[in-house]
Amino acid sequence: MDGTDVGDVCVPESQVEEVNIAELAIREFKRLTWPSSELVVQPPGGKTLVNLETNFYTTNDQVSTRTVTLAGRRVEIRAMPSYTFKFGDGQSTATTNPGRPHPNLDVTHVYLATGDVVVSVDTTYAGQFRIGDGDWQSIPDALTVAGAGSDLRVVEALPQLVIR
């Protein structure tokens, strides 16, 4: 055998350091703190109407990149977000789209009953790393950051005839 045993894989001596750095980069991705997403609900004010579209979005729409030094080497780690919007009534939507403000309704939900719900958005990050200026390599596991819950009251509007 012409190499060093690294777990279940035998690699040439020249690649042992890179394999170890890759393992360190994966661990670092999991250790780093990635941003949670703040949920924006429209209409604002913590109240929406039953049987009409409620709009949801977050402004956390950018890839996050961190540069670290591992085993004396510069390593870039980046996290690409995707989202799970939780509507508080047992329904949710998973998407790579962060939604957009009104009038561009990308992530909406129609509540079928009145009541109080707690809404949130979780952010799941897929990771990649590169050593120096090398090629980006995928990190096998994703990392989810739970979003804070917000109270939302679903109400019914009653039409009223106004005579002038």
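Take the solvent-accessible surface of the protein heavy atoms, probe 1.4 Å, and return the percent of it on the chain that carbon and sulfur atoms account for.
Here carbon and sulfur together make up 48 percent of the probe-accessible area.
For the set E38, E23, E76, E53, the ranking by accessible area, highest first and with no ligand, DNA or RNA atoms included, is E38, E53, E23, E76 under a 1.4 Å probe. Counting only Cα atoms, the chain measures 92, 27, 19 Å along its principal axes, largest extent leading.
Provide the solvent-accessible area of V110, counting protein heavy atoms only and rolling a 1.4 Å probe, rounded to the nearest 10 Å². Result for V110: roughly 60 Å² accessible.
Think of the range 9-164 as having a plus end and a minus end, set by charges on the Cβ of Lys, Arg, Asp and Glu; of P159, T123, I139, P159 sits farthest toward the positive end of this dipole.
With every protein chain kept in place and ligands, DNA and RNA left out, what is the accessible area per residue of the chain? Probe 1.4 Å, answer in Å². Intermediate results must be reported in sequence, preceding the final value.
On the way: 10100 Å² over 164 residues.
I get 62 Å² per residue for the chain.
The values are calculated or read from the model by the stated rules, or taken from the named source; none is laboratory data. Remember, it's a predicted structure, so these values are computed and weren't measured experimentally. Ideal geometry is used to build each Cβ from the backbone, glycine not excepted, and the neighbour counts take in all protein chains shown. Ligands, DNA and RNA are excluded from the accessible area calculation, which covers all protein heavy atoms including side chains. Shrake-Rupley method; radii C 1.70, N 1.55, O 1.52, S 1.80 Å.
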